[in-house]
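Below is the structure I would like to discuss, written out as structure tokens.
Derivation of every value follows stated rules applied to the coordinates shown; laboratory data play no part. In this text the structure is predicted, and so the values were computed from the model without any measurement. Counting neighbours? That spans all protein chains shown, and the Cβs are built from the backbone with ideal geometry, glycine included.
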Amino acid sequence: MSICIDAHSHFLPASILDLLRRDGARYGTPVQVRDDGRIFVITPERPWGPIGPGFYDLDFRRRYLAGHGISTQVLTPPPFLFYYWADPQASYGIIRAENDAIAEIVNGSAGRFAGLGTVPMHDAKLALRECDSIKRSGLCGVEIGSNVNGVDLDDERFWPIFEALESLGLAVLIHPHNVVGSDRMREFHLQNLVGFPADTTLAAARLVFSGVLDRFPNLKLCLGQAGGFLPYIMGRLDRGFAVRPECRRALGKPSEYLRRFYYDTIIHGPGPLAFLIETVGADRVMLGSDFPFDMELSDPRADWREQPRITEESGDWLRHRTACAFFGMGQAQDRFRADE
């Protein structure tokens with residue numbers, strides 16, 4: 001099998017699902033089984049699901065990977081396990097259990113899986129402790145929400161966490177969560193369809209304009225869902241930098257920071273994906289599937305396979321080289337090449 005890394009998928013161990021079935025309500029995540037048998041995890045934001053076998057059945061997942069020609073998949077916690085709304089001490093055990101379960105699978109998979117953990121961003125001391133644990137466990141980074149209980153990521157309370165992540169060399173996937181304007185998007189699944197890219201864009205714009213990216217120049221950040229709307233409104237942000245003094249806290253104009261971020265391919269359209277690649281470069285874009293949510297890409301590689309301007313070199317970046325650079329998976333890359 002040729003090297004192909006899926007940089008964005010979600011995994012919920014069966015043991016964690018059993019825990020949520022039993023005690024989820026105590027942590028604000030009751031499990032709901034609907035009349036049609038579909039399983040959802042309920043958070044204060046919204047129901048998440050349906051939770052099918054793809055979340056917890058590794059054999060099911062391996063068949064998916066084989067069917068789509070994916071050699072390695074990065075496992076990340078589902079966003080309903082962020083637990084920012086819960087008491088951090090009470091929910092820390094679930095977070096630790098999820099991270100440990102992912103690490104156990106990764107370390108026993110001979111390179112088939114890599115993984116990210118998550119940390120309680122609303123408690124800096126616990127988050128710093130978990131960053132160290134994640135690094136020791138062999139996971140390659142963390143997944144965090146696009147805001148923490150409505151507090152934006154540029155807030156000073158998160159700076160110690162970013163400093164630790166930067167010093168440890170851990171990659172950071174920013175995943176939309178608790179999205180802005182959700183009260184106006186309760187119908188038509190708009191919290192996901194519009195809210196996800198909107199909140200990702202807001203988080204990224206604030207990190208740029210606030211100067212946080214200047215403060216942590218080596219912090220590796222990926223914007224889920226292909227960067228939200230950020231690449232497509234960059235001209236507007238640059239115009240704000242040019243004419244509005246409050247937009248000039250950063251050292252440079254916003255477009256100069258586009259390549260400070262990495263991006264996945266989860267945009268569901270070949271045209272927008274082509275624009276993203278042309279704008280930020282193939283070496284900042286990596287394959288993502290969003291498996292196994294129902295909003296996953298039905299064929300993760302289809303959109304860029306249709307691009308006539310994708311060269312063999314840029315295709316290599318999309319398939320695996322960008323992910324290896326972002327996650328620090330150089331040894332894995334060498335091993336995959338040896339196996340070909």
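In the chain, once you exclude exposed chymotrypsin sites (Phe, Trp or Tyr not before Pro) (DSSP loop, at most 16 other Cβ within 10 angstrom), what's the longest stretch remaining?
Of all site-free stretches, the longest is 189-340.
Take every DSSP beta bridge with both residues inside the chain and express the antiparallel ones as a percent of the total, to the nearest 5.
Among the beta bridges of the chain, antiparallel pairing accounts for roughly 25 percent.
Please give the per residue volume of the convex hull enclosing the alpha carbon atoms of the chain, rounded to a whole number of Å³.
Measuring per residue, one finds 133 Å³ for the Cα hull of the chain.
If you count, for each residue, the other Cβ atoms within 10 Å and average over each peptide, how do 277-288, 194-205 line up from highest to lowest?
By packing density, highest mean first, the sequence is 194-205, 277-288.
Right, next: Between 242, 250, 127, where does the largest GNM mean-square fluctuation fall for the chain, given springs only between Cα atoms within less than 10 Å?
Fluctuation is largest for 242.
Where a Cα-Cα gap under 27 Å defines reach, which lysines qualify for residue 253, not counting those fewer than 8 residues away within the same chain?
220
So, one more: About the Cα centre, and with charges only on the beta carbon of Lys, Arg (+1) and Asp, Glu (-1), how big is the dipole of the chain? Nearest 20 debye, please.
Result for the chain is approximately 420 debye, rounded to the nearest 20.
Right, another one. Looking at the chain, do any whole DSSP H helices span at least 30 angstrom along their long axis by alpha carbon and average 1.0 or above on Kyte-Doolittle, and which?
none
Continuing with this model, one more query. On alpha-carbon atoms, Rg over Rh for segment 100-250 using Kirkwood Rh?
Checking Rg against Rh, the ratio lands at 1.00.
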